[in-house]
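Here's the structure, in structure tokens; my notes come after.
The values are calculated or read from the model by the stated rules, or taken from the named source; none is laboratory data. Because the structure is predicted, anything quoted here is derived from the model rather than measured. Every residue, glycine as well, gets a Cβ built from its backbone with ideal geometry; the counts of neighbours run over all protein chains shown. Just so you know, the surface numbers come from the protein's heavy atoms only, side chains and all, with ligands and any DNA or RNA stripped out. Shrake-Rupley method; radii C 1.70, N 1.55, O 1.52, S 1.80 Å.
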Amino acid sequence: SSGALTLIVRPKKIETMNSKQQKQKAEALAKCRQVMRLQHKAWTTEESYISVIGSYISWLCEWGQQWPDSRSRMEVYLTIQAERGIAASTQNVIFNALLFFYQKVRGEKLADIQALRAHLDTTMVYAHGDGERVRSPLEVL
């Protein structure tokens, strides 16, 4: 090796949203922040939800018009996230953020969301060193 540094240049992300869509996205996110602050949501919740909703709106602009209604779009987006192997807890954040967006910000009622979701494995058995079975914390529920 000659000891020379290699510079890796990443291409700029191509923005697929036009200026009208970008303005609508900014307005939607501002309204989300306003509603969250009126509800006294935690700052970390606000940041997480804004990130999720912003990504979702960008996805909608590119792909979302293929589905006829909000529920279908949300189901497809959640299923895509599950298929990407995202952790169950992260999928729950995404689900709750989108539910908040539709119900609290847009005033739409979404019922019976049918999307592929990761599930926690509740069949795990814990045991002490002497082989005594200890109940899973989820068994208490």
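Tell me, which residue of segment 87-110 that is small (Gly, Ala, Ser) and in contact (Cβ under 8 Å) with a residue 12 or more places away in the chain is nearest to Leu38 (Cα to Cα)?
Going through the qualifying residues, I end up with Ala97.
Here is a list of conditions, (1) open to solvent by 90 Å² or more (accessible area, probe 1.4 Å); (2) at pLDDT 90 or above, and Lys109 meets all of them except one; can you say which number that is?
Here Lys109 meets the rest and fails (2).
Would you pick out the residues in segment 35-58 that are touching a helix residue (DSSP H, G or I) at 6+ places or on another chain (Cβ under 6 Å) and open to solvent by 30 Å² or more (accessible area, probe 1.4 Å)?
Listed by number, the residues that qualify are Ser48, Tyr49.
Collect the residues in segment 83-94 that are of a type outside the set (Lys, Arg) and surrounded by fewer than 19 Cβ atoms within 10 Å (Cβ to Cβ), keeping them in residue-number order.
Glu83, Gly85, Ile86, Ala87, Ala88, Ser89, Thr90, Asn92, Val93, listed by residue number.
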